[in-house]
Amino acid sequence: MTDQRVLLITGASSGIGAATARAAARAGWSVALAARSEDKLRALAEQVGDDHALVVRCDVTEWGDQQRLVAEALERFGRVDAAFANAGFGAKRGFLEEEPDFWRSMVLTNVLGPALTIRAVLPHFLEQDRGHFLITSSVAGRRTLPGSLYSATKHAATAIGEALRAELRQMHDNFSVRVTLIEPGMVDTAFFENKPEQALEPDDIAHAVMYALEQPPRVDVNEMLIRPVAQPG
């Protein structure tokens, strides 16, 4: 078993996930990197140090992939200390936009994906009586955006985080597993076709993730809403 803490990240191949992996590695964490793009994950593993990185190709909508991800992380490192359910993508606003199959894929990734990550990791966290779940929601998960099915999926992600925290405290009588919702505003990632003006950088969100992770065990950072100063709401 490694002496380093281990952070599992879905959607790790680019954007917020990749930035968080680099930030965690700099802070002395080992990282289990999951995404559908294995080539990008391997390039990232080289950046953070192959000795402290595990690459697992994973479609977060597939239960078998998520089970394999956790099993391989435990086999490699002997522990998982935190799980960042970060995989997700967006869609154009408007209920006459996009194809229904695209919607289906987005809903499964953004809603079922984090739920399956929780289901795969939770038994290990309960067994070791410690752990930290982080879930990427959005400012769009706090307010309804016109014509945005993406916003609806992020409201669901927010609800998943709140429901998980309530389950831990009430059904499992557990106060040692923490849950943090990460709620970015505009971030310069592949989400946008053109770079939004004065957007946040993925590193800005990674710093917020690391802040939540590095708090003492008595502190449960429930949610972090991070907007660029130029974004009014």
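Taking Cα centre as origin and charging only the Cβ of basic (Lys, Arg, +1) and acidic (Asp, Glu, -1) residues, the dipole magnitude of the stretch 1-56 rounds to 220 debye.
Taking every full run of DSSP H in the chain, the ones that stretch at least 30 Å from end to end by Cα along their long axis and average -1.0 or higher on the Kyte-Doolittle scale are 149-170.
Tell me which of Ala152, Trp63, Ala27 sits at the most positive position along the dipole axis of the chain, charges placed on C-beta atoms (Lys, Arg +1; Asp, Glu -1). Comparing the listed Cα positions along the dipole, Ala152 ranks first. Note on the stretch 102-171: Kirkwood hydrodynamic radius from all Cα pairs is 12.9 Å, rounded to one decimal. From its DSSP helices (H runs of at least four residues, each -39,500 (n - 2.57)), the chain gives a residue-normalised ellipticity at 222 nm of -13000 deg cm²/dmol.
Overall, the stretch 77-221 carries a charge dipole of about 380 debye about its Cα centre when +1 sits on the Cβ of Lys and Arg and -1 on the Cβ of Asp and Glu, all other atoms neutral. In whole Å, what is the distance between the alpha-carbon centres of the stretch 121-144 and the stretch 1-66? Centre-to-centre distance over Cα atoms comes out at 17 Å.
Positive-end ranking of Gly88, Phe77, Pro100 along the dipole of the stretch 56-134, with charges on Cβ about the Cα centre, is headed by Phe77.
Using the average count of surrounding beta-carbon atoms within 10 Å as a protection proxy, the listed peptides 140-150, 81-91, 114-124 rank, highest first, as 81-91, 114-124, 140-150.
Read-outs throughout are calculated quantities, based only on the coordinates presented, and are distinct from any laboratory measurement. The shown structure was predicted, so the numbers you read here are calculated from the model rather than taken from an experiment. So basically every Cβ, Gly included, is an ideal-geometry build from the backbone, and we count neighbours across all protein chains shown.
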